[in-house]
1. Hey, does segment 237-245 have a residue that's assigned to a loop (DSSP other than H, G, I, E, B) and either among the small types (G, A, S) or modelled with pLDDT of 95 or more (or both)?
2. Criterion first (under 30 Å from D171 (Cβ atoms), free of Cβ contacts under 8 Å to residues at least 40 places away in the same chain and surrounded by fewer than 17 Cβ atoms within 10 Å (Cβ to Cβ)) does R245 satisfy it?
3. List the number of the failed condition for A98; all other conditions in (1) open to solvent by 40 Å² or more (accessible area, probe 1.4 Å); (2) not in a helix (DSSP H, G or I) hold.
4. Looking at segment 159-205 only, could you name the residues that are part of a loop (DSSP other than H, G, I, E, B), under 29 Å from F100 (Cα atoms) and β-branched (V, I, T)?
5. Among (1) out of contact with any Leu (no Cβ under 6 Å at 6 or more places or on another chain); (2) at pLDDT below 95, which single condition is V195 missing?
6. Given the conditions (1) under 26 Å from the mean Cα position of the chain (by Cα); (2) surrounded by 14 or more Cβ atoms within 10 Å (Cβ to Cβ); (3) modelled with pLDDT under 55, which single one is not true for E62?
7. List pairs: first residue in segment 96-109 and in contact (Cβ under 8 Å) with a residue 40 or more places away in the chain, second residue open to solvent by less than 80 Å² (accessible area, probe 1.4 Å) and assigned to a helix (DSSP H, G or I) anywhere in the structure, Cβ distance under 6 angstrom, at least six positions apart or on different chains.
8. Look through segment 121-158, keep the residues that are assigned to a loop (DSSP other than H, G, I, E, B) and under 17 Å from N108 (Cβ atoms), and return whichever of them is least open to solvent (accessible area, probe 1.4 Å).
Amino acid sequence: QDLATWADHPDILLRELKLRGRPGCTRVDLRVEGLALHPIERTRSLDLAWRRGSFSSLMRDEHGWRDGDEPPPESDRASEAQLPEEDADEGDLRIPLADFPSGIKAGNFLHDLLEHHDFGDQAGLGPRVHSALTDHGFDAEKWTEPVTDAIDDALRTPLWPGRTDSLADLDRTDTLREVDIALPACGGYAAQGGVTVDALADVFEQPLGPGAPARTADRIRRLSFTKLRGFLVGQIDLVFRRDGRFYVLDWKSNRLGTTFAAYDEASMASAMLSSGYVLQ
């Protein structure tokens, strides 16, 4: 009925077409001719602050970094690229994977391996390592044994001082891997205000607890992201449950050097600060 009404309109042309191979079916081809078209006038402004933000987007800004800042990470994994190594004394003990390649590719390999491995399955670790090395383009014959030994050591390292609990003691049912998160930022869908660089830095002016880098607030003030409200999204590498409590763990594979001396408390704090991991 509407098409019949339009057929009488001087500026609208209707044409009936037969569909090939479909007897009895017709299609209407609507063409607009001679109409004076005008753009819709915008009556409200877009809220550019309401969006989905992430750690990576806060660490880099589309409008550029402030003078003197480190280069922005291309992704969460990119921030794990190789850092300049410290000159080591001959007597320093080398870390197990001192000669293993470093950088984004290595970080992706290790994250993939730890995402899919059952921490308590010691016998299955070697085959899992071999498969992951192959998938990520590493020499599996060369690296399976040293990587397996290093990962096994890490999984069996006590998580807390004075206790023997390790990741290898966790049942797989007590772990969640690569957990997607979407946290409301200043109200979520009903957001008000917004997270700014200075407001975020002010939070980190407060004591952060033992072991936290001292200049975190200053580091954050050097960022230049635009105001954020809406949601903060990302992925948590591992959430695990132990003794009725939940813990959040993020894998880090940064190369700070080739000896254990390069991973002392001061060096770790410096890496945490320069990469923005305290904010993460």
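1. To start, the set of residues in segment 237-245 that are assigned to a loop (DSSP other than H, G, I, E, B) comprises 243-244.
Restricting the remaining residues to those that are either among the small types (G, A, S) or modelled with pLDDT of 95 or more (or both) gives 244.
For segment 237-245, residues assigned to a loop (DSSP other than H, G, I, E, B) and either among the small types (G, A, S) or modelled with pLDDT of 95 or more (or both): present.
2. On the way: under 30 Å from D171 (Cβ atoms): yes; free of Cβ contacts under 8 Å to residues at least 40 places away in the same chain: yes; surrounded by fewer than 17 Cβ atoms within 10 Å (Cβ to Cβ): yes.
Yes: the conditions hold for R245.
3. For A98, the exception is condition (1).
4. T164 - this is the single residue of segment 159-205 that is part of a loop (DSSP other than H, G, I, E, B), under 29 Å from F100 (Cα atoms) and β-branched (V, I, T).
5. That leaves (1) as the condition not met.
6. All conditions pass for E62, except number (2).
7. P96/A150; L97/A150; G107/E80
8. Taking segment 121-158 and keeping what is assigned to a loop (DSSP other than H, G, I, E, B), we get 121-124, 136-139, 156-158.
Applying the additional criterion that residues be under 17 Å from N108 (Cβ atoms) yields 136-139.
Numbers: H136: 50, G137: 56, F138: 29, D139: 82 Å².
Filtering segment 121-158 for residues that are assigned to a loop (DSSP other than H, G, I, E, B) and under 17 Å from N108 (Cβ atoms), the one least open to solvent (accessible area, probe 1.4 Å) comes out as F138.
The values are calculated or read from the model by the stated rules, or taken from the named source; none is laboratory data. None of the values given here were measured: they were computed from a predicted structure. Note: ideal-geometry Cβ built from the backbone for every residue, glycine included; neighbour counts use all protein chains shown. What goes into the accessible areas is simple: the full protein's heavy atoms, side chains included, and nothing from ligands, DNA or RNA. Shrake-Rupley method; radii C 1.70, N 1.55, O 1.52, S 1.80 Å.
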